[in-house]
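Trainee: I have a structure I would like to understand better, so I am pasting it below and will then ask my questions one at a time.
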Amino acid sequence: MAKLTHIDREGKARMVDVGSKGISVRVARASGHITMRPGTIDQVKENSMKKGDVLAVAQISGITAAKQTSLLIPLCHNIALDSIHVEAVTDDTGVAVHSEVRCTGRTGVEMEALTAVSVALLAVYDMCKAVDKDMIIDYIKLTHKEKHEDS
């Protein structure tokens, strides 16, 4: 079984010390989905939701959330992010959200990518909840992570 890095010898939560780790280019991608009624999907596609452009608000919400991850997840490091890309698109069953987050630093950006997707999906939910009470947010997952030594 892998050792939990956020637990000290006494079993108490702690923030991992990454000070001795080397600087690397880090990339993480995540995705998620919100299932909605066909009529709701049509309103999103037609940009006719009363609150405004659902996909644009989801994108901006995801970007903002990625930048705030260390405030939301207590043991995450405050990371200077190099880029955040969030895409929200309709599909046959709802809206799919994909994120890619990059940094040059000592720790990865998985939590930032996952936070971007999660909050973008919550923004979609918020904007559509008046017309669809049956939406389901699911399939939030890390889809890719990589580390390249800075050269």
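Trainee: Lys50 fails exactly one of the following numbered conditions: (1) in contact (Cβ under 8 Å) with a residue 40 or more places away in the chain; (2) in contact with a strand residue (DSSP E or B) (Cβ under 9 Å, 6 or more places away or on another chain). What is the number of that condition?
Mentor: Every condition holds for Lys50 apart from (2).
Trainee: Might you let me know whether segment 63-70 holds any residue that is closer than 17 Å to Gly108 by Cβ, surrounded by 14 or more Cβ atoms within 10 Å (Cβ to Cβ) and among the hydroxyl-bearing types (Ser, Thr, Tyr)?
Mentor: Yes - at least one qualifying residue is present in segment 63-70.
Trainee: Would you check if there is a residue in segment 88-99 being surrounded by fewer than 17 Cβ atoms within 10 Å (Cβ to Cβ), outside any strand (DSSP E or B) and β-branched (Val, Ile, Thr)?
Mentor: The answer is yes; a qualifying residue exists.
Trainee: Could you run through segment 112-122 and say how many residues are within 8 Å of the chain's Cα centre (by Cα) and touching a residue at least 60 places away in the same chain (Cβ under 8 Å)? Steps first, please.
Mentor: Filtering segment 112-122 for residues within 8 Å of the chain's Cα centre (by Cα) gives 112-120.
Keeping just the survivors that are touching a residue at least 60 places away in the same chain (Cβ under 8 Å) gives 112-114, 116-118, 120.
So the answer is 7.
So that you can scan it fast, the table gives a plain yes or no per residue for (1) within 13 Å of Gly62 (Cα to Cα); (2) in contact (Cβ under 8 Å) with a residue 60 or more places away in the chain:
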{"site": "Leu81", "(1), (2)": "no, no"}
{"site": "Val101", "(1), (2)": "yes, yes"}
{"site": "Val124", "(1), (2)": "yes, yes"}
{"site": "Thr143", "(1), (2)": "no, yes"}
{"site": "Glu146", "(1), (2)": "no, yes"}
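Trainee: Moving to a separate point now. Considering each of Ile34, Ile84, Ile73, Ile41 in turn, give the residue that is among the β-branched types (Val, Ile, Thr), surrounded by 14 or more Cβ atoms within 10 Å (Cβ to Cβ) and under 30 Å from Ile7 (Cβ atoms). Full working, then the answer.
Mentor: Details: Ile34 fails: under 30 Å from Ile7 (Cβ atoms); Ile73 fails: surrounded by 14 or more Cβ atoms within 10 Å (Cβ to Cβ); Ile41 fails: under 30 Å from Ile7 (Cβ atoms).
Step by step, each of Ile34, Ile84, Ile73, Ile41 is checked, and only Ile84 is among the β-branched types (Val, Ile, Thr), surrounded by 14 or more Cβ atoms within 10 Å (Cβ to Cβ) and under 30 Å from Ile7 (Cβ atoms).
Trainee: Let me ask something else about it. Check segment 49-66 and report whether any residue there is of a type in the set (A, V, I, L, M, F, W, C) and part of a strand (DSSP E or B). Quick ask: steps written out before the conclusion?
Mentor: Within segment 49-66, the first condition is being of a type in the set (A, V, I, L, M, F, W, C), and the residues that meet it are 49, 54-58, 60, 63, 65-66.
If we keep only those that are part of a strand (DSSP E or B) too, we end up with none.
No; the residues of segment 49-66 include none that is of a type in the set (A, V, I, L, M, F, W, C) and part of a strand (DSSP E or B).
Readers should treat all values here as calculations from the given coordinates under stated rules, not as data from a laboratory. Note that the structure is a prediction, hence the values are computed from the model and not measured. Neighbour counts run over all protein chains shown; Cβ positions are idealised from the backbone, glycine included.
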